[in-house]
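All remarks here apply to the structure that follows.
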Amino acid sequence: LGDEVVSFGAPPGAAASSHRAVEVDMKFSSTIGVVSSTEKARFERMLFRSTRGNCLARFAEVERPIADAATGAPEKKMVFVVFYKSEVIGSIVDKICQAFGARQYPVPDHTQPGDAEKLDALSRETLSELADAREVLLKNRELRLALCSRLAHKYGEWKGVVTKEKAAYHALNLFKADVAGMLRGEGWIVASAEAEARALVQRAHAAVDLAGASMLAPVPTPWPTPPTYFETNAFTYAYQEFVDTYGVPRYKEINPALFTAVTFPFLFGMMYGDVGHGSCVFLGGLYLVLSYPSFAASKTSDEMLGGLYSARFMLTMMGLFAVYCGFCYNDFFGLPLDAFGASYPGPSGSAYFWENINYKHATTSAAKDENDPEEMRTAVYSWNKAPFYDTDSYGRAEKVYPFGVDPAWHVSENELLFFNSMKMKTAVIVGVIQMTGGILLKGVNAIYFGERVVFLLEFIPMIIFDLALFGYMVILIFTKWAIDWNERQAKGTCFYYPSVHDAAYSNATRWRCADGDAPCVDYSGNTCLYTDDVGDLCEKSGLEFGGTSNGCVPPNLINQLINIALAPGSVDEPMYDNQGTIQSMLLVIAFLCVPVLLLGKPAYVYMSTQHAPQPAAGSTQIEMHHGGQGTDLENLNGDHGDEHDDEEHSFTEVFIHQCIETIEFVLGMVSNTASYLRLWALSLAHSELAQVFWEKTLRSALTPSPNAVAIFIAYAIFAAVTMSVLLAMDLLECFLHALRLHWVEFQSKFYKADGYKFKPFSFAALKTGDKAD
């Protein structure tokens, strides 16, 4: 049919034009661009939904990441081409590309003759432009690096200058306008540096040739509360930081860091006392001291290492005191040191002491060799005799160990009992002394600040309460240590003398009287029976202290101290005459101090407000509020408040505060004293752990048949557990407990800690990053 149309009516040119029109109508438009790989699915779904399926999208992944035009970060991209028919659809596609951040690129249609050559030419042109752009970018990068390299040499200097100028202008902004165009600023200066400050002002005037441009003069009183400033050195810095962590001292208040510098290492040494372990800590601290110059020259920014070096002298002192206490305890890695020779050596160097044990022969056949300690002991126990252990007389100088504990105690059967008693009593004594010192410092503060009310109604009751109960407890401990209990127990014992029957007896031949022994005599030479009561024997010997034994039996101090409050006037085992009466008097005195401490200061405040002159009605009062940051002046008119309400509020506030302080002090003295027992507990734990590590590792490898390989392995285990447990964890534990004793038990007795630091304007502080006020 087409052939016929052409043959019978249509010219040839019209047919070709019609064919090209059909091709144009059937032509699809396209959009080509790049989209992020993560947006591919959402982008394709949005195209399909927005065009109702009237477009065709195809994607291809780019082989390598492409830098994002907006962020510059490398990102995985997808090349897409969208085919569509309508211009309306084309505008929709363009909007979707903009919404998804897809970049579109113009690409010629490949529908006309010669389009292939155009595409090749466009591709070559694009590659050439990319090469030129890359070269330009590389040149710009090189220029930027060269410029930044030159600027880097000046950056530190420029930053320092700008920082100093900014700080100087910030300080000048705090000044206020004064007369004649002058600026006036108020601040603090250390009194000892006043002359230096004036000299610097004069030097600044001379440098700019302006005489009298500024002046330095003291501000008239009253002043706000001044800041606190202490000059520290490398030794005291760490201790001052410990105190400031708890709270900054009030202006001119006693600084606890002065005492902490001595008591902190000492309390640590009491808990960590061991010559070997303390030497390791001491050598570690000594290494930090010697290596500090090289560390300071390196200017490293390691904060943890810097903190360790700042405490180098503290660690050295802690190790030194641990060595000292280790010599007192006679502990070297958990083992005793026989440095001066044991004062009680047994046969062939044995630590058991049987030299003065005597026994009674029941028959001639039961006689034993007196030179054989084992036979002597067997004879004693076989006849069920309780031998009287006649050790050396009380206070015999040659039997006193030159320094520390005799090594014989470490191998005795009552080793743990002895060290528990010694360390527990020592801990209590040290604790009471330190707490009493804290209370005395409270009195010194009150005297210095002229606070008579605090001195008379707080310090005096506190010190009396402390000495009446806890000071007396220390006296009882020393009293028990000072009494010759050998003599006192002998006065309460009935003896049998096989060879001597009168009062002129020999200690080497006496026995405790038993059933069937006759004659028996007491300490004074009077005839007695083995059934006689200890108290009666003591009374006959001249001891009439009361109780069950009249003072012949050493008491249990814990029970005795508890009975001071629970059973006043009753002492089961007194150590001196009228002990019950004296303890009752001390208890009454301590109890009378509590109401004085509780009600004294509030009563004084109440009476002071009652007798104070009242201001006239309608008058104007100016109240000065002294604070840490400045002075506020407030105009208080007479009709703006009720003076009676202010007085009542002041009294109530003081009363509540005093109630809290009284309860805290009274209960705190008991709990704080018990808290010092950590000195005993941690010392005991340290020594026992050291002994266990030694016995379970090296001692097991050394006995019964030493082996080189076993010793090597055992030593490795011993060194590992010693380093990890005793030189790391236990060191930190003792450190924290010593810190707690100072913060809570010691400083709470006198330290207010409500001051604020003096932070002077300093360019040196700006270099370290500190902010100056």
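Selection over segment 303-330 of residues that are over 20 Å from the mean Cα position of the chain (by Cα) and open to solvent by 20 Å² or more (accessible area, probe 1.4 Å) gives a count of 6. Listed by first and then second residue, the pairs with beta-carbon distance under 7 Å, at least 6 apart or on different chains, first residue in segment 148-171 and touching a residue at least 12 places away in the same chain (Cβ under 8 Å), second part of a helix (DSSP H, G or I) and of a type in the set (A, V, I, L, M), are THR163/LEU766; LYS164/LEU766; ALA167/LEU766. Scanning segment 410-467 for residues that are β-branched (Val, Ile, Thr) and closer than 24 Å to LEU592 by Cα yields a total of 11.
Residues in segment 219-231: is at least one surrounded by fewer than 10 Cβ atoms within 10 Å (Cβ to Cβ), within 39 Å of the chain's Cα centre (by Cα), free of Cβ contacts under 8 Å to residues at least 12 places away in the same chain and part of a loop (DSSP other than H, G, I, E, B)? Talk me through it step by step, then tell me what you get.
Going residue by residue through segment 219-231, those that are surrounded by fewer than 10 Cβ atoms within 10 Å (Cβ to Cβ) are 220-222, 231.
Then keep just the ones that are within 39 Å of the chain's Cα centre (by Cα); that gives 222, 231.
Pick out the ones that are also free of Cβ contacts under 8 Å to residues at least 12 places away in the same chain and you get 231.
Narrowing the set further to residues that are part of a loop (DSSP other than H, G, I, E, B) leaves 231.
Checked against the condition, which is being surrounded by fewer than 10 Cβ atoms within 10 Å (Cβ to Cβ), within 39 Å of the chain's Cα centre (by Cα), free of Cβ contacts under 8 Å to residues at least 12 places away in the same chain and part of a loop (DSSP other than H, G, I, E, B), segment 219-231 yields at least one hit.
Okay, residues lined up against (1) surrounded by fewer than 11 Cβ atoms within 10 Å (Cβ to Cβ); (2) of a type in the set (Val, Ile, Thr); (3) in a helix (DSSP H, G or I); (4) touching a strand residue (DSSP E or B) at 6+ places or on another chain (Cβ under 6 Å):
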| residue | (1), (2), (3), (4) |
| --- | --- |
| GLN104 | no, no, no, yes |
| PRO108 | no, no, no, no |
| LYS118 | no, no, yes, no |
| ARG124 | yes, no, yes, no |
| LEU127 | yes, no, yes, no |
| LYS139 | yes, no, yes, no |
| ARG144 | yes, no, yes, no |
| ARG150 | yes, no, yes, no |
| THR163 | no, yes, yes, no |
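Whether a residue is without any contact (Cβ under 8 Å) to a residue 60 or more places away in the chain, within 44 Å of the chain's Cα centre (by Cα), at negative phi and open to solvent by 60 Å² or more (accessible area, probe 1.4 Å) was assessed, and ASP572 passes this test.
Here GLY618 does not qualify as more than 24 Å from LEU267 (Cα to Cα), open to solvent by less than 60 Å² (accessible area, probe 1.4 Å) and modelled with pLDDT under 90. Just a yes or no: is a residue in segment 85-93 open to solvent by less than 50 Å² (accessible area, probe 1.4 Å), in a strand (DSSP E or B) and among the hydroxyl-bearing types (Ser, Thr, Tyr)? No, every residue in segment 85-93 fails to be open to solvent by less than 50 Å² (accessible area, probe 1.4 Å), in a strand (DSSP E or B) and among the hydroxyl-bearing types (Ser, Thr, Tyr).
Within segment 525-545, the set of residues being of a type outside the set (Val, Ile, Thr), at pLDDT 75 or above and surrounded by fewer than 20 Cβ atoms within 10 Å (Cβ to Cβ) comprises ASN526, LEU529, ASP532, ASP533, ASP536, GLU539, LYS540, GLY542, GLU544. State whether one or more residues within segment 188-209 are under 36 Å from the mean Cα position of the chain (by Cα), on the phi < 0 side of the Ramachandran plot, open to solvent by less than 60 Å² (accessible area, probe 1.4 Å) and modelled with pLDDT of 85 or more. Yes, the conditions are met somewhere in segment 188-209. Got a number for residues in segment 40-69 being under 60 Å from the mean Cα position of the chain (by Cα) and either at pLDDT 90 or above or open to solvent by 50 Å² or more (accessible area, probe 1.4 Å) (or both)? The qualifying residues number 11.
The values are calculated or read from the model by the stated rules, or taken from the named source; none is laboratory data. All of these numbers come straight from a predicted model, not from anything done at the bench. Because the Cβ atoms are built from the backbone with ideal geometry, glycine has one as well, and the counts that use them run over all protein chains shown. Note: accessible area is taken over every heavy atom of the protein model, side chains too, but ligands, DNA and RNA are not part of it. Shrake-Rupley method; radii C 1.70, N 1.55, O 1.52, S 1.80 Å.
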